[in-house]
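To start, the structure under review is shown below, and the notes come after it.
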């Protein structure tokens, strides 16, 4: 029965492309909101197969999986292959919270030489490479909505935004792309 | 064709680059690079507007942003019509169409000018004193007429079709102003590799170098040096140079807002390009190089067209190649005006005389003027002027007394000295101090990490200004971590001197009974007005300003504030610093709403949140309502149905068969951890420890004061995992409330909170047929009443996707809420719909949801409660764990007021006439025949037509309500009083068996 | 727009990411159900609202989501320092540096 069901990507078909930047929806992925005290980091890192970052704005990436530091006891774990991340954590005995949020967020990929400028239309953080280098990630705001911003390359960012705010975020980025 | 007042060989514009434009319908020729003002002057047009109050003919005073007079309307098309554009900053483009304002029927003949004749009536405070009586006339007579006469320019009446952009920017050093000082500062800062932003309000850098003819910097003429330096800076990777960009607001911690104008100067702007862009710049250091603004002299009839600032005339000549007159008078109290006279003289124009207010001016400038054969009348004042639409003569008299003489002129240049532009410094909360020697307010105490350099700091010598700017630029870069570099050296030489100046009226003739010596041109404030304000008791400059409106026009008194202050101080016989300087506030110059709004219009005005089934509901013809930022299906009308009919049908269908409802907007929080139940005990009034996994409970959350904050059904998925639902509107604040307690009051609890509101789409299936609808779609969950009773939750699969299935009911019927991952929400909904159609189900919206829950007496937090309602007030006292020793609100509930008798309690109301539907919010009284104001004992909180009860139903908060059961109360309405009977809150299925059955 | 140093993110961040959360160092009484009306009034209703230095709570809502404490001057709006939730009220405050 499952294959009969159509998964409806909320940003399906959206695309904004200019000379300097491309704004496109990211592919579906599995996402985990992971919460754990210091004591649980080692075991959870092992279970997830990557070292959970401990520094603000830090990320860890291994292949198609990544963990983004969001707070001192909070990570957003992403897996492009759709792996059941909560399942991986189930065997960890140290107290923690692993909640599947795969459908809560939508990804928007912003790339190109003007990517930083496009994001600056709505994000008040300093995104210069010296301050927000490749690999940095942070929860922040974009215009009137909250996002998680991850710099995946010198000219590439991944924006994670709640599903119902994704139309706003995409529209703002597309508008900003016209001005970059 | 060369315009009549364009001087061959003068200025920097290219004669071949013609741009045609119209002013008041007449066509003229200008040159590319002109401003509208310079192009008009090139054509000999000085009369460009009428003043605000007296409708006096006005010309062009300045050559920059400080312009108070030359305000025109620029219209590109019907929707692109901008009023109050300063002609002195509007760059000319081919096809520009400008129209004068505040005149009727024409600029030269304006009926409104009658108010000039009646001027004695319109002195300061006139409106305050005159339109006092009768009071009723204000709204009907005075105000409409004053409004008719007031206002400047016509606001556009169509939506703004242009795009606006915004951008956050960060830099080590922001330099405001690209004159000699600003460029030098930027140069020094940029060399260190630090990020530098340099902005200037003009199209080209250079500032005063535009008109100063005698400057050499780094071996090059000043203007050329400025252009080459700005170009070199712009070519550096670490530097952003922003021309046509005004720094209009200086906020906390070096946040400076800039308005960049991108298309105002273009004949055919690219419709894709934004018209303006707002920059919110956060700078490590700010260097203010904002220059100084020349003041006019205050004398009788100093406002005739053709009377302008001396440096403005130099700009028109030296930059635009335009002569502002052929026989020009000069009235000055400082040296810089002499340079203007000399430049004009050298260009072959006649200088009728230099009238110097100072008793014995001396120095190089004065000697040069005399040597050039210009008559210098020292110790003289201009006591009046003649000329109707253009100045034709000035009356000159010795200040010490003596015969006056009239000197014919066709333009009159005035300069009372230079006011440092401390606006942004003042906005930064820096404190200015009055320098008595130079009669200027100068930056004194800095409140933020900024430095003033050059003329805005009061530095007069160019070489000093350049040196201090280089040092400031280097220091700013160093302090923000730039590479150590030796500050560059720049040799700057000039023949210019900016010394001298005066404040206030030139001489007593300016205060003569019929004289109009303007201080503030834009608001038509005269020297007499300010004296009158003082005589009427105003002591502080803030009061004088408000009484006279001096400095309160859109130019914010850039040319007038200091004169106004000096006149007030003199009249009060107190020193200037004691009278005080008015506070400068953003914006420095007017900023369009579009710039401030930026991208935030239309679809981006506010996020619009839609659920997964939005498109389906739209296709079904649903009508939506706004619930916060969410769009929710309100009702689903079928052909021929109005709202009432649709809701009645939906309500009946749910109770007879089934209904399907999108409940996705409910807030959902996953509470996970070994201490989850302990935490829940603290956050909700109910007991949670003994709730078995797989079961649900209706929970009430209080604030610490004991009042209901939120409610919702909570399912326990596992010993250490709860699925909490909140109200739609409460989702964010409930999570914040929980996090607050968890992080700061109970940080030792091992429990974590995650918002899953958007992870799950929620499809509610309610009604007697709900199980039959859901059953075929479910894998691995036994839906029988025995296995899955009312108020239980199971995890399994629905339509093959992971699901959390709740057996809950907000309708009082047997009901399920299917939670599936949001991207599958639409597909599962469609599957449920297909099953539902087999069983007579309908889709229903929020209105039906409201009616059905009211029939059962279920409250809506925020509708039946208002932040002053306790669980007991709402009839929910049963939901408080009696054995609990702590939960948020436990102590609040014991407050004397909350346990006192006579509190308002939630009850049901039945109108005597079942067809009458009460108004929500209507007040309730005991007897309708009491005198007004009646004693109100409660109000209606919810009221609907109930098709299932075939009558109206209502919930109300009524004083001592439960004890009044059976009593008749009254709801007074404009059409008469409505009798109601107090009942219980449940109107249908009192025993509640339907949800279980 | 203020810049606020988040003690958890160890960085100055724009005010847009934060939300103010009232006065700091007001602990919820241990056995709250048993306290007197007067004690409850002091705990729940009464606030200092000083002119000058105030100890207050902020939340880095759109950042690390942590609540933390701050010392701010209500006259100048300047943050004197920020520190983590649960840390004691600082006994000494840093000297005001620079301008």
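Each reported figure results from applying straightforward, stated rules to the coordinates on display, with no laboratory input. All values reported here derive from a predicted model rather than from experimental measurement. A quick note on method: Cβ atoms are made from the backbone with ideal geometry, for glycine too, and the neighbour counts reach across all protein chains shown.
Taking 1 over the mean of 1/r across every pair of different Cα atoms in the range B:620-740, what Kirkwood radius in Å do you get?
Details: mean 1/r = 0.0606 Å⁻¹.
Kirkwood hydrodynamic radius for the range B:620-740: 16.5 Å.
If r is the Cβ-Cβ distance from residue B:444 to residue B:484 and R0 is 30 Å, what FRET efficiency results, to the nearest 0.05? Mind showing how you got there, number by number?
Values: r = 30 Å, r/R0 = 1.00.
For R0 = 30 Å, the calculated efficiency reads 0.50.
Using R₀ = 56 Å, calculate the FRET efficiency as 1/(1 + (r/R₀)^6) where r is the Cβ-Cβ separation of residue A:155 and residue B:499; round to 0.05. The partial results should precede the final answer.
Numbers: r = 54 Å, r/R0 = 0.96.
With R0 = 56 Å, the Cβ-Cβ based efficiency is 0.55.
Just want to confirm a number: the relative contact order over chain A, from Cα pairs under 8 angstrom separated by 6+ residues, in percent.
Values: 375 pairs, mean separation 45.7, N = 180.
Here the relative contact order equals 25 percent.
Could you give the angle, 0 to 90 degrees to the nearest 10, between helix B:643-656's Cα long axis and the longest principal axis of the Cα atoms of chain B?
Orientation of helix B:643-656: about 30 degrees from the principal axis.
Convert 20 °C to kelvin, take the viscosity as 1.002 mPa s, use the Kirkwood radius over C-alpha pairs of the range B:883-997 as Rh, and evaluate the Stokes-Einstein diffusion coefficient in µm²/s, rounded to a whole number. Write down the numbers at each step before the final one.
On the way: Rh = 15.7 Å.
Translational diffusion coefficient: 137 µm²/s.
Any idea how far the Cα center of the range B:655-717 sits from the one of the range B:453-517, in Å?
That distance is 67 Å.
Return the distance in nm (one decimal) between the two label points of a simple spin-label model at residue B:364 and residue B:154, each offset 7 Å from Cα along Cα→Cβ.
Here the modelled spin labels are 5.3 nm apart.
What FRET efficiency comes out for residue B:142 versus residue B:114 if R0 is 22 angstrom and r is the Cβ-Cβ distance? Round to the nearest 0.05.
On the way: r = 19 Å, r/R0 = 0.85.
E between residue B:142 and residue B:114, to the nearest 0.05, is 0.75.
Can you list, bin by bin at 5 Å, the percent of alpha carbon pairs in the range B:245-362, starting at 0?
Pairs per bin, as whole percents: 2, 9, 14, 14, 12, 10, 12, 12, 9, 5, 1, 0.
What is the spin-label model distance, in nm, from residue A:94 to residue C:5 if the labels are put 7 Å beyond Cα along the C-beta direction?
Placing both labels 7 Å beyond Cα along the Cβ direction yields 2.9 nm.
Find the relative contact order for the range A:14-90 and round it to a whole percent, using C-alpha pairs within less than 8 Å whose residues are 6+ positions apart. Walk me through the numbers before you get to the answer.
Values: 124 pairs, mean separation 24.3, N = 77.
Across the range A:14-90, relative contact order equals 32 percent.
Counting each DSSP H run of 4 or more residues in chain B as -39500 (n - 2.57), what helix-only mean residue ellipticity at 222 nm follows after dividing by all residues, to the nearest 500 deg cm²/dmol?
Numbers: 25 runs with 215 residues, N = 997.
Theoretical 222 nm ellipticity from helices: -6000 deg cm²/dmol.
With N denoting the number of residues in the range B:639-682, provide Rg(C-alpha) divided by 2.2 N^0.38 Å, to two decimal places.
Details: Rg = 19.2 Å, N = 44, 2.2 N^0.38 = 9.3 Å.
Working it through for the range B:639-682, the quotient is 2.07.
Counting C-alpha atoms alone, how compact is the range B:661-853: give Rg to one decimal and Dmax as a whole number, in angstrom.
For the range B:661-853, the Cα radius of gyration and maximum Cα-Cα distance read 16.5, 53 Å.
On average, how much area does the Cα convex hull of the range A:15-177 cover when viewed from any direction, in nm²? Please report the intermediate quantities before stating the final value.
On the way: hull surface 34.5 nm².
Taking a quarter of the hull surface, the average projection is 8.6 nm².
Under the definition of Cα pairs under 8 Å and six or more residues apart, what whole-number percent is the relative contact order of chain B? Kindly include the intermediate steps, with their values, before the conclusion.
Working: 2415 pairs, mean separation 88.4, N = 997.
Answer for chain B is 9 percent.
Once the mean 1/r over all distinct Cα pairs of the range B:409-483 is inverted, what Kirkwood radius in angstroms do you read off? Don't skip to the answer; put the middle values down first.
Values: mean 1/r = 0.0712 Å⁻¹.
So the Kirkwood estimate lands at 14.0 Å.
What is the extension gain from residue B:886 to residue B:627, computed as 0.36 nm multiplied by their sequence separation minus the C-alpha to C-alpha distance, in nm to one decimal? Can you show the working numbers first?
Numbers: separation 259, 0.36 × 259 = 93.24 nm, distance 3.37 nm.
The span from residue B:886 to residue B:627 would gain 89.9 nm if fully extended.
How long is the gain from residue B:512 to residue B:461 if the chain were fully straight, where each residue apart is worth 0.36 nm and the alpha carbon distance is subtracted? Write out the running numbers ahead of the final one.
On the way: separation 51, 0.36 × 51 = 18.36 nm, distance 3.84 nm.
Taking 0.36 nm per residue and subtracting the Cα distance, the gain is 14.5 nm.
Report Rg (one decimal) and Dmax (nearest whole number) for the range B:317-368, counting Cα atoms only, units Å.
11.1, 34
Once the Cα atoms of helix B:846-855 and of chain B are each reduced to a long axis, what angle between those two axes, in degrees from 0 to 90 to the nearest 10, is obtained?
Approximately 40 degrees, to the nearest 10.
As a check on your grasp of the helix formula, calculate [θ] at 222 nm for chain A: sum -39500 (n - 2.57) over DSSP H runs of n ≥ 4, divide by the residue count, round to the nearest 500. Each step should come with its number before you reach the end.
Numbers: 4 runs with 30 residues, N = 180.
Dividing the helical sum by the residues of chain A leaves -4500 deg cm²/dmol.
Against the globular-protein guess of 2.2 N^0.38 Å, express the Cα radius of gyration of the range B:40-86 as a ratio, rounded to two decimals. Walk me through the numbers before you get to the answer.
Numbers: Rg = 11.6 Å, N = 47, 2.2 N^0.38 = 9.5 Å.
Ratio of Cα Rg to 2.2 N^0.38 Å: 1.22.
Taking the radius of gyration and the Kirkwood hydrodynamic radius from Cα positions alone, what is the Rg/Rh ratio for the range B:896-954, to two decimal places?
On the way: Rg = 13.8 Å, Rh = 13.2 Å.
Taking Rg over the Kirkwood Rh, I get 1.05.
In whole angstrom, and with the biggest value first, how far do the Cα coordinates of the range B:326-416 range along each principal axis?
Sorted from largest, the Cα extents of the range B:326-416 read 35, 32, 21 Å.
How far apart, in nm, are two points set 7 Å out from the Cα along the Cα-to-Cβ line at residue B:543 and at residue A:15?
Calculated label separation equals 7.0 nm.
If you average 1/r over every pair of different alpha-carbon atoms in the range B:18-115 and take one over that average, what Kirkwood value in Å do you get? If you can, show how the numbers build up before the last one.
Details: mean 1/r = 0.0750 Å⁻¹.
Its Kirkwood hydrodynamic radius stands at 13.3 Å.
Helix A:166-177 sits at what angle to the longest principal axis of chain A, using alpha carbons and giving 0 to 90 degrees rounded to 10?
Helix A:166-177 and the main axis of chain A meet at about 40 degrees.
Within 10 Å of each Cβ in peptide C:5-13, how many partner chain Cβ atoms are there on average? Round it to a whole number, please.
Values: counts 0, 2, 1, 4, 9, 3, 6, 3, 5.
Mean shielding by partner chains, rounded to a whole number: 4.
Report the extension gain between residue B:371 and residue B:936 in nm, rounded to one decimal, defined as 0.36 nm multiplied by the number of residues separating them, less their alpha carbon distance.
Details: separation 565, 0.36 × 565 = 203.40 nm, distance 9.10 nm.
Value of the extension gain: 194.3 nm.
For the protein assembly as shown, compute Rh as the Kirkwood radius over C-alpha pairs and then the Stokes-Einstein diffusion coefficient at 25 °C and 0.890 mPa s; write the answer in µm²/s, rounded to an integer. Numbers along the way, then the final one.
Values: Rh = 35.3 Å.
The calculation lands on 69 µm²/s.
Could you pull the Cα extents of chain B along its three principal axes, largest to smallest, in whole Å?
114, 72, 56
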